[in-house]
Structures are given as structure tokens and as C-alpha cells.
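Just below is one structure, and these are the notes that go with it.
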Amino acid sequence: MAGRRARLPVADASFDGAVCVQVLEFVADAPAALRELYRALRPGGRVVVWDIDWATVSWHSNDPARMARVLEAWDEHLAHPSLPRVLAPAMRSAGFQDVAMAPHPFATASFDPGSYGVAIIPAIASFVSVRRGVSGDEAKAWASELNELGERGEFYFASLQFCFQGTRPS
Ligand SMILES: C[S@@+](CC[C@H](N)C(=O)[O-])C[C@H]1O[C@@H](n2cnc3c(N)ncnc32)[C@H](O)[C@@H]1O
């Protein structure tokens with residue numbers, strides 16, 4: 001779903017499928033966005049929606065109080081930190097049927113730069129810096145600790161991401 005439009009710039013019933021990955025958690029009126037996806041699909045068309053429950057995100061840290069402050073500040077980057085908890089009924093309310101949810105654990109004990117839990121560290125450090133009582137130095141220290149844990153072979157990250165699908169009735 002490109003841009004920040006309340007209405008998708010597409011004709012009614014013009015797609016057989018729609019994929020919406022890590023977007024609805026940013027959209028204040030997620031039910032309206034789901035209705036738009038429904039409108040854009042042909043009868044029988046399928047939607048796939050992927051979002052994260054950010055409350056399931058955890059890194060190992062020797063400073064859990066700082067970790068909690070950073071994650072609380074990071075929650076401000078989106079409208080719905082735990083959208084998957086309400087997505088199934090929201091999709092049904094938009095008109096989709098056969099709504100199903102598949103959980104996907106993203107977890108690693110390796111400091112792999114290609115993994116979600118490592119790749120996202122710089123974005124979080126940058127976003128939380130000077131936000132909700134997290135200083136710039138504290139944000140840098142948070143990221144540095146995760147890098148140091150990685151160098152020592154002590155890195156740990158876990159999160160649950162969710163793939164929902166539904167069909168516009170024929
Ligand atoms: C985490 S990115 C995901 C991008 C892509 N779907 C992917 O998986 O790589 C979040 C996307 O949501 C879009 N976005 C954020 N707020 C939005 C809004 N209110 N309406 C529509 N799109 C929005 C951003 O432009 C960005 O492309």
C-alpha cells in the first residue's frame with residue numbers, strides 16, 4: 001500500500017491478490033485500510049497481511065531497565081504496537097472470509113547481520129535517540145551492548161511475526 005492515502009488509487013475489484021507487509025501497523029485507521037484492500041480485490045481474491053507483535057520482541061541485555069526504556073520509545077514509531085492481536089476480527093469486519101493466521105518466530109542466537117534482530121538495531125538506536133527520556137548516549141550504549149554481546153557469542157533475539165490471509169467472498 002504505497003503512500004499515505006486513505007483510498008488506494010485503483011479501481012474496484014481490479015486485483016486477484018493483495019499483499020500488505022508491515023504496513024498496517026503504521027496506519028492509524030487500519031480497519032479503513034482493510035476495507036480498501038477488500039474493495040480492490042475481485043470476488044474470490046486473496047489478501048495477505050503481515051505484521052509484528054512488538055510486545056513479543058526481546059533481546060538479551062545486561063541492562064534490562066535500559067532495554068525496556070528503548071523498546072517503549074521504539075513503540076512510538078508505529079500506530080499499533082500489537083496489531084496482530086486484533087487483525088483477525090478486523091479482517092472479518094472488513095468482509096474477508098476464511099481468515100487464517102500463521103505465526104512465524106524470528107529468533108536467533110547468532111550475530112548474523114542479515115537477521116532481523118541484528119539488521120534493525122541501527123534504525124531503533126536512531127529513532128529512540130532523545131525520545132521518551134532516552135538520551136543520545138543511552139541509545140548508542142544500547143546498540144553498542146548488543147554488538148559487544150554479538151562479538152562475545154552471547155547475542156540473543158526473538159520476536160513473533162504473523163501472516164494473516166483472507167478471501168473476498170465470491
Ligand atoms: C516497514 S516498511 C514495509 C515496506 C514493505 N512492505 C516491506 O516489507 O519491505 C513500512 C511501510 O509502510 C508505509 N507506511 C507507513 N505509514 C503509512 C500510512 N499511514 N499509509 C500507507 N503506508 C504507510 C511506509 O511508506 C513504508 O513503505
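Derivation of every value follows stated rules applied to the coordinates shown; laboratory data play no part. Since the model is a prediction, treat every value here as computed from it, not as a measurement. Don't worry about glycine lacking a Cβ; one is built from the backbone with ideal geometry, like all the others, and counts go over all protein chains shown.
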### Verdict on residue 7 being basic (Lys, Arg), within 30 Å of residue 109 (Cα to Cα), surrounded by fewer than 18 Cβ atoms within 10 Å (Cβ to Cβ) and in contact with a helix residue (DSSP H, G or I) (Cβ under 7 Å, 6 or more places away or on another chain)
no
Of the residues in the range 103-133 that are loosely packed, with under 11 Cβ neighbours inside 10 Å and within 23 Å of residue 157 (Cα to Cα), the one that is nearest to the chain's Cα centre (by Cα) is 105
Among helices (runs of 4 or more DSSP H) completely within the range 1-107, the ones holding 2 or more residues that are within 16 Å of the ligand (Cβ to nearest atom) are 30-40, 84-94
(1) under 23 Å from residue 64 (Cβ atoms); (2) away from the ligand (no atom under 16 Å from the Cβ); (3) assigned to a helix (DSSP H, G or I) all hold for residue 127 apart from (2)
| message | Can you say whether residue 146 is surrounded by 15 or more Cβ atoms within 10 Å (Cβ to Cβ), under 24 Å from the mean Cα position of the chain (by Cα) and either assigned to a helix (DSSP H, G or I) or at positive phi (or both), as far as the supplied structure shows? | response | yes
Selection over the range 21-45 where residues are buried (at least 17 other Cβ atoms within 10 Å of the Cβ) and in contact with a Pro (Cβ under 8 Å, 6 or more places away or on another chain) yields a count of 1
Within the range 46-60, residues farther than 16 Å from residue 160 by Cα and buried (at least 18 other Cβ atoms within 10 Å of the Cβ) come out as 47
Going through (1) under 22 Å from residue 170 (Cα atoms); (2) of a type in the set (Ser, Thr, Tyr); (3) within 14 Å of the chain's Cα centre (by Cα) one by one, residue 82 fails only at (1)
The lone condition residue 170 fails out of (1) assigned to a loop (DSSP other than H, G, I, E, B); (2) in contact with a helix residue (DSSP H, G or I) (Cβ under 9 Å, 6 or more places away or on another chain) is (2)
Just one listed residue, out of 29, 16, 63, 53, is over 18 Å from the mean Cα position of the chain (by Cα), of a type in the set (Asp, Glu) and farther than 26 Å from residue 140 by Cβ, and it is 16
